[in-house]
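One structure is given here, and the rest of the page talks about it.
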């Protein structure tokens, strides 16, 4: 069994409205040194495959 940590984020050129809202809130709390917050998700998956190649194929949806 292998555990995979998969980070999902918006591309840098895509407007992150949640991140902007959090950045404003952090500034309102007095943390002006924070320049930018980007919001994403982290998925933790456990798969039964043993080989790294097969795990990579699962993640990239390759057969």
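Bear in mind these aren't lab numbers, they're just calculated from the coordinates by the rules spelled out. The shown structure was predicted, so the numbers you read here are calculated from the model rather than taken from an experiment. All Cβ positions, even for glycine, are placed from backbone atoms using ideal geometry, and neighbour counts span all protein chains on display.
Might you check whether a residue that is touching a strand residue (DSSP E or B) at 6+ places or on another chain (Cβ under 6 Å), outside any helix (DSSP H, G or I), free of Cβ contacts under 8 Å to residues at least 40 places away in the same chain and surrounded by 10 or more Cβ atoms within 10 Å (Cβ to Cβ) occurs anywhere in the range 1-20?
Checking the range 1-20: at least one residue is touching a strand residue (DSSP E or B) at 6+ places or on another chain (Cβ under 6 Å), outside any helix (DSSP H, G or I), free of Cβ contacts under 8 Å to residues at least 40 places away in the same chain and surrounded by 10 or more Cβ atoms within 10 Å (Cβ to Cβ).
Report yes if residue 42 is in contact (Cβ under 8 Å) with a residue 12 or more places away in the chain and on the phi < 0 side of the Ramachandran plot, otherwise no.
Against the criterion (in contact (Cβ under 8 Å) with a residue 12 or more places away in the chain and on the phi < 0 side of the Ramachandran plot), residue 42 qualifies.
In the range 39-56, what count of residues is obtained for those that are loosely packed, with under 11 Cβ neighbours inside 10 Å and assigned to a helix (DSSP H, G or I)?
Of the residues in the range 39-56, 2 are loosely packed, with under 11 Cβ neighbours inside 10 Å and assigned to a helix (DSSP H, G or I).
Given the residues 36, 28, which is the only one that is free of Cβ contacts under 8 Å to residues at least 40 places away in the same chain, in contact with a helix residue (DSSP H, G or I) (Cβ under 9 Å, 6 or more places away or on another chain) and loosely packed, with under 10 Cβ neighbours inside 10 Å?
The unique qualifying residue is 36.
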